[in-house]
1. Among residues other than Gly80 whose Cβ falls under 14 Å from its Cβ, what is the net charge (Lys/Arg +1, Asp/Glu -1)?
2. About its Cα centre, how strong a charge dipole does the chain have in debye, to the nearest 20, once Lys and Arg get +1 and Asp and Glu get -1 at the Cβ?
3. Could you tell me how many degrees, from 0 to 90 and to the nearest 10, lie between the Cα long axis of helix 66-92 and the main elongation axis, the longest principal axis, of the Cα atoms of the chain?
4. Taking the Cβ of each residue in Phe55, Phe71, Phe76 as the centre, tally the other Cβ atoms inside 10 Å and list the residues starting with the fewest.
5. Counting Lys and Arg as +1 and Asp and Glu as -1, what is the net charge of the other residues whose Cβ lies under 14 Å from the Cβ of Val41?
6. Tabulate in residue order the Karplus-calculated ³J(HN,Hα) for region 3-14, using 6.51 cos²θ - 1.76 cosθ + 1.60 with θ = phi - 60°, rounded to whole Hz; enter x for Gly and Pro.
7. I'd like the distance separating the alpha-carbon centroids of region 1-20 and region 22-49, in whole Å.
8. Quote to one decimal, in nm, the extra length available between Val90 and Ala20 on full extension: 0.36 nm per residue of separation minus the C-alpha distance between them.
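The numbers here are math on the coordinates, done by the rules we state, and not lab data. These figures come from a predicted structure and were not determined experimentally. Backbone-built Cβ (ideal geometry, glycine too); neighbour counts: all protein chains shown.
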Amino acid sequence: MLALAITVKLLAEIALLVLAGQGLLGLLAGASRDRNPFYRVLQVAGRPWVRVARFLSPRVVLDRHLPLVAFLLLLFVWAGATLAKVSICVQLGVAMCK
């Protein structure tokens with residue numbers, strides 16, 4: 001169970017960093033961000049999470065807001081996985097979690 005919590009937490013952290021990088025690079029690059037190859041790589045890496053956000057969110061949410069929705073959803077997943085990891089480590093003992 002600990003391995004599952006750690007894996008979910010790690011995947012959420014990677015996805016959060018991808019979406020944060022995409023957002024930051026989008027702000028820095030401005031209107032020409034679609035021509036930026038690094039932005040495209042981050043866009044491809046974050047696309048599965050944005051699709052999940054589209055599936056879970058109502059149609060009222062605009063497509064340009066979906067990366068933010070995906071980021072917030074992943075933040076909740078990360079927080080849940082962190083709480084699960086802490087809970088498991090408290091039950092097992094901190095020495096067993098290292």
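1. With Lys, Arg at +1 and Asp, Glu at -1, the neighbours total +1.
2. 180
3. Relative to the chain, helix 66-92 is tipped by roughly 10 degrees.
4. Ordered by Cβ neighbours within 10 Å, fewest first: Phe55, Phe76, Phe71.
5. With Lys, Arg at +1 and Asp, Glu at -1, the net is +3.
6. Coupling constants for region 3-14: 4, 5, 5, 5, 5, 4, 4, 5, 4, 5, 5, 5 Hz.
7. Using only Cα atoms to place each centre, the spacing works out to 21 Å.
8. Once the chain is fully extended between Val90 and Ala20, it gains 22.1 nm.
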